[in-house]
Amino acid sequence: MPEAYTLSVSDAAEQVRSGQLAPTDYANALLDRIDSHEPDLQAWVTIDREAVISDARQREQEPSQGLMAGVPVGLKDIFYTAGMKTTACSRIYADFVPEYDATCVTRLKEAGAIILGKAITTEFATSDPSPSRNPWNREHTPGGSSSGSSVAVASGMCPAALGSQTGGSTCRPAAYNGIVGLKPTYGRISRFGVVPVSWSLDTVGILVRTVTDAAILLQAMAGYDANDPGSAEEPVPNFLDEIGRHSGPPRLGLLKTGYFFDRSTPEVRQHTEAAAAQLAQAGAVVEELDLPDSFTTASDVQRIIMNVECAAFHEKFFRHRADEYGPRLRANIEMGLLIPSVTYLQAQRLRREFRRDLTALAERVDALLMPATPAPAPKDLNTTGDAAFQAPWTSAGLPTVVIPSGLSESGLPLGIQFAASPFAEGRLLGAARWCEQALGLDMRPPAYA
Amino acid sequence: MTDRTPDISFEETLESMTRQAEARWGEGYSAEHQDLLELAAHYIVNVANSLPETETEPGFYQ
């Protein structure tokens with residue numbers, strides 16, 4: 001019998017449903033794991049041990065047959081939790097206690113999940129680094145902004161955690177920590193009750209250790225919410241069935257020329273080509289595709305929109321409490337306040353064209369394939385790393401998933417990223433799962449295996 | 001129909017940004033935040049020189 005902390009969401013929920021695993025035993029095992037490793041890794045803001053055990057007991061008394069029966073989940077500390085502080089790791093929200101749960105938190109609970117606690121984020125989910133440490137090497141950044149969520153999943157403190165992505169805040173830390181990160185299509189999961197960075201970019205993200213688990217969490221949370229103006233009315237398929245329907249060797253579009261490979265280190269380029277070759281040898285059809293011209297301004301467009309919307313959200317606080325913000329967030333807000341309104345609107349128009357062009361490209365294959373990050377996690381705790389490989393997809397609203405694909409020479413995780421057309425998460429996850437199995441890796445940080 | 005590419009220079013944009021920043025946050029701001037202002041000017045010029053097709057409406061909620 002494997003240690004409880006190594007279980008996937010899928011296996012744990014199955015064991016809970018079949019009566020092999022008691023939710024209280026499972027929750028206690030994870031809480032003990034947190035006690036052991038939290039001093040080293042600093043992943044959590046709030047853990048209410050009594051509430052966790054109480055919820056677990058309730059699951060035992062009223063056995064859930066839900067997708068996530070009895071499975072504890074971590075939440076980035078920007079998700080509203082009724083009666084529990086939601087600080088966004090900021091001085092501005094330091095004492096904020098929401099009166100209701102975010103819609104996605106409600107849906108996780110309805111699926112049988114137990115809220116394990118609130119995970120550390122960078123301040124307001126932006127770019128001032130958090131104190132969280134990378135379990136693969138504590139001298140290297142874990143990335144951000146979903147730093148605590150990623151570290152907790154990678155080190156076995158929980159099998160799943162929620163993050164968010166406005167630039168690269170889910171898929172980049174997933175890659176740096178050697179886990180799976182899913183950024184669904186914009187609008188697929190409600191953002192109601194999530195502290196915003198930028199309304200038209202923010203997307204709820206999923207951090208787990210297997211692609212199947214990503215599908216389970218997506219299933220639990222996806223769907224229209226009238227409380228979220230950005231919520232999509234798109235039908236929600238059964239993603240596990242969809243993965244099964246797309247279980248054959250995928251057709252992959254390797255984005256080898258231009259943006260992604262130009263910005264990658266030689267090691268990352270070679271690694272990505274080797275991974276693509278391994279997938280091709282296993283049966284995938286890999287063809288090289290070129291990026292559209294509109295890609296050249298994609299990152300600039302994303303930064304303009306993010307900074308202006310971020311400035312708009314924070315303006316009320318910022319007028320009188322600017323000194324309480326971290327230096328990078330403060331700079332982003334100030335830049336947002338200076339960007340002309342016409343430039344913001346032109347960026348939103350360019351973004352619509354960009355989305356159209358990328359959708360056309362993505363529809364040519366099951367999934368686009370590229371390196372997940374330009375380099376492994378930097379040896380620098382004053383940065384969260386480079387979001388350049390995520391920001392364009394976030395800007396276009398397309399779904400992406402990162403899976404671990406090996407180790408760098410320095411022993412740090414490397415990942416590959418897949419993207420698909422809007423609302424094609426089933427096809428995307430099917431392709432990613434096939435690739436995950438073809439690569440056949442079992443990556444755990446040696447000091448926390 | 002495609003828009004004419006405007007003739008907008010980095011230097012003029014940076015100067016305008018610097019004036020606005022100093023009006024908001026004082027004269028010392030631009031010296032301390034030159035990198036930030038240059039980055040903002042870079043973004044503005046890149047977007048202004050890549051204008052979308054005339055018929056394209058903004059994206060907002062996608």
If packing is taken as the average count of other Cβ atoms within 10 Å, what order do A:369-380, B:44-55 fall into, highest mean first?
A:369-380, B:44-55
The range B:10-49: percent of C-alpha pairs farther apart than 15 Å?
32 percent
Write down the Kirkwood hydrodynamic radius of the range A:97-142, to one decimal in angstroms, obtained as one divided by the mean of 1/r over all alpha carbon pairs.
13.2 Å
Sorted largest first, extent of the range A:320-449 alpha carbons per principal axis (Å)
52, 41, 22
Please report the spacing between the Cα centers of the range A:356-427 and the range A:104-166 in Å, no decimals.
18 Å
Can you list residues whose amide H is under 5 Å from A:Gly415's amide H, if they're 5+ apart or on another chain and H is modeled 1.01 Å from N?
A:Ala372, A:Thr373, A:Ser405
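To the nearest 0.05, how large is the calculated FRET efficiency for B:Gln34 and A:Ala449 if R₀ is 30 Å and r is the Cβ-Cβ distance?
With a Förster radius of 30 Å, E is 0.05.
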Provide the three semi-axes, in whole Å and in decreasing order, of the ellipsoid equivalent to the protein assembly as shown as defined by the square roots of 5 times the Cα gyration tensor eigenvalues.
35, 27, 21
Given charges at Cβ of Lys, Arg, Asp, Glu: chain A dipole, positive-most of A:Met335, A:Met221, A:Pro235
A:Met335
Using only helices, what value at 222 nm comes out for chain B when you add -39,500 (n - 2.57) per DSSP H run of length 4 or more and divide by the total residues, to the nearest 500 deg cm²/dmol?
-17500 deg cm²/dmol
Please report A:Asp262, A:Asp55 as a ranked list, fewest other C-beta atoms within 10 angstrom at the top and most at the bottom.
A:Asp262, A:Asp55
Given N residues in the range A:349-425, what is Rg(Cα) / (2.2 N^0.38 Å)?
1.23
Would you please state the base-10 log of I(q)/I(0) at q = 0.16, 0.17, 0.27 1/Å for the range A:1-72, with intensities from the Debye formula using one equal scatterer on every alpha carbon?
-0.55, -0.62, -1.25
Which number do you get for Rg(Cα) / (2.2 N^0.38 Å) in the range A:1-140?
1.08
Once each part is reduced to its C-alpha centroid, what is the distance from the range A:177-251 to the range A:1-73 in angstrom?
22 Å
For the range A:394-449, which GluC sites (Glu not before Pro) are in a loop by DSSP, counting at most 14 other Cβ atoms within 10 Å?
A:Glu409
Pick from A:Lys85, A:Lys316, A:Lys118 the residue whose mean-square fluctuation is largest in a GNM of chain A, springs joining Cα atoms under 10 Å.
A:Lys316
Would you mind giving the three semi-axes, in whole Å and largest first, of the ellipsoid equivalent to the range A:171-311 according to its Cα gyration tensor?
28, 23, 14
Can you tell me the 0 to 90 degree angle between the C-alpha axis of helix B:10-25 and the longest principal axis of chain B, rounded to 10?
50 degrees
Computed, not fitted: 222 nm per-residue ellipticity of chain A from DSSP H runs ≥ 4 (each -39500 (n - 2.57)), nearest 500, equal to -12500 deg cm²/dmol
Residue exposure sequence - A:Trp393, A:Trp44 - by fewest surrounding Cβ within 10 Å:
A:Trp44, A:Trp393
Rg to Rh ratio, the range A:75-207, alpha-carbon atoms and Kirkwood radius?
0.93
Connecting C-alpha atoms closer than 10 Å in a GNM of chain A, tell me which of A:Ser410, A:Ser341, A:Ser164 has the biggest fluctuation.
A:Ser410
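Rule-based calculations on the coordinates, nothing more; no lab input. Owing to the predicted nature of the structure, the values given are computational and were not obtained by experimental measurement. When we count neighbours, we look across all protein chains shown, and the Cβ atoms used for this are built from the backbone with ideal geometry, even at glycine.
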